[in-house]
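Trainee: Quick one: the structure is below, and I'll ask about it shortly.
Read-outs: derived from the displayed coordinates by stated rules, not from any lab. In this text, all values refer to a predicted model and were calculated from it rather than measured experimentally. Using ideal geometry, Cβ is built from the backbone for each residue, glycine included, and neighbour counts are taken over all protein chains shown.
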Amino acid sequence: DTGVSQDPRHKITKRGQNVTFRCDPISEHNRLYWYRQTLGQGPEFLTYFQNEAQLEKSRLLSDRFSAERPKGSFSTLEIQRTEQGDSAMYLCASTQGGRFDEQYFGPGTRLTVT
Amino acid sequence: QQQVKQSPQSLIVQKGGISIINCAYENTAFDYFPWYQQFPGKGPALLIAIRPDVSEKKEGRFTISFNKSAKQFSLHIMDSQPGDSATYFCAARCCGSRLTFGEGTQLTVNP
């Protein structure tokens, strides 16, 4: 499979717990993006990486959120001390980079905080 | 701040009809405008995209019309099919970076 993959697909956690999601981009795509999507809304940008460098973070990314892409390949998104408001679909996308190239999305991780 | 406004919120068309979804933007620095299709429980899938130096782009049954002076663009789905029933998102990108999405249109195509 050559698409963007995400793991896990679903995560149910109790408020206050930490969770970590993984994204594997399309091979050789050097840009990787994280978005969050709540029910009935469009995806909202969280952060993105150019290779291993985190180049931009949204104001949505509170200090409880941290993302890494240590070797410029897969990325992880960790949420500490989860809150019910964190319940959402977390989407990962990747691109080759360049001015007009396309972002391809993974299937997402559905997080439910109880 | 909502920078891409999408309408209508929902749309019902008959099989074989034309589906039209509209988007308007504010930021003149946007330089790339894709449309995504999303089925329940799935990630968005890129459908078609356009640059601002082109007024129209067609791929199969899908056409984007772009009006730079009005800062508007639209998706036309010709010969709509029940399998096209999904949520459609317009988006815009500035400076090779993040995508800003519209709020989505839930399309239902009746057989």
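Trainee: Return the Cα extents of chain A along principal axes one, two and three, sorted largest first, each rounded to a whole Å.
Mentor: 39, 26, 24
Trainee: While we're on this one: Arrange A:ARG69, A:ARG59 by Cβ neighbour counts within 10 Å, fewest through most, would you?
Mentor: In increasing order of surrounding Cβ atoms, one gets A:ARG59, A:ARG69.
Trainee: Sort out for me the Cα centre separation of the stretch A:35-93 from the stretch B:38-102, rounded to whole Å.
Mentor: 24
Trainee: For q = 0.16, 0.18, 0.21, 0.22 Å⁻¹, what log10 I(q)/I(0) does chain B give under the Debye formula with an equal point scatterer on each alpha carbon and no solvent?
Mentor: Per q value, in the given order, log10 I(q)/I(0) is -0.66, -0.84, -1.13, -1.22.
Trainee: Okay, next question. What list do you get for A:TYR35, B:TYR32, A:TYR90 if you sort them by fewest beta carbons within 10 Å?
Mentor: Result, fewest neighbours first: B:TYR32, A:TYR90, A:TYR35.
Trainee: Output the relative contact order of chain A, whole-number percent, from Cα pairs under 8 angstrom with separation of 6+ residues. Let's see the in-between values first.
Mentor: Numbers: 285 pairs, mean separation 41.8, N = 114.
Reported as a whole number, the value is 37 percent.
Trainee: For A:GLN54, what is the net charge nearby, where nearby means another residue's Cβ is under 12 Å from its Cβ and Lys, Arg count +1, Asp, Glu -1?
Mentor: Working: positive: A:ARG31, A:LYS57, A:ARG69; negative: A:GLU52, A:GLU56, A:GLU68.
It works out to a net charge of 0.
Trainee: Explain nothing, just compute: Karplus ³J(HN,Hα) = 6.51 cos²θ - 1.76 cosθ + 1.60, θ = phi - 60°, for every residue of the stretch B:78-91 in order, whole Hz, x for Gly and Pro.
Mentor: Values per residue, Gly and Pro as x: 7, 6, 4, 10, x, x, 7, 4, 5, 9, 10, 10, 8, 8 Hz.
Trainee: Using modelled backbone amide H atoms (1.01 Å from N, in-plane), which distant-in-sequence or interchain residues come within less than 5 Å of A:LEU46's amide H?
Mentor: A:TRP34, A:TYR35, A:ARG36
Trainee: Given the options A:GLU83, A:GLU52, A:GLU28, state which has the largest fluctuation in a GNM of chain A using a 10 Å cut-off (strictly under) for Cα springs.
Mentor: Looking only at A:GLU83, A:GLU52, A:GLU28, the biggest GNM fluctuation is shown by A:GLU28.
Trainee: Quick one: A:ARG110, A:ARG81, A:ARG36, fewest Cβ neighbours within 10 Å first, how do they rank? Before the final figure, lay out each step's value.
Mentor: Numbers: A:ARG110 16, A:ARG81 10, A:ARG36 21.
So the ranking, lowest neighbour count to highest, is A:ARG81, A:ARG110, A:ARG36.
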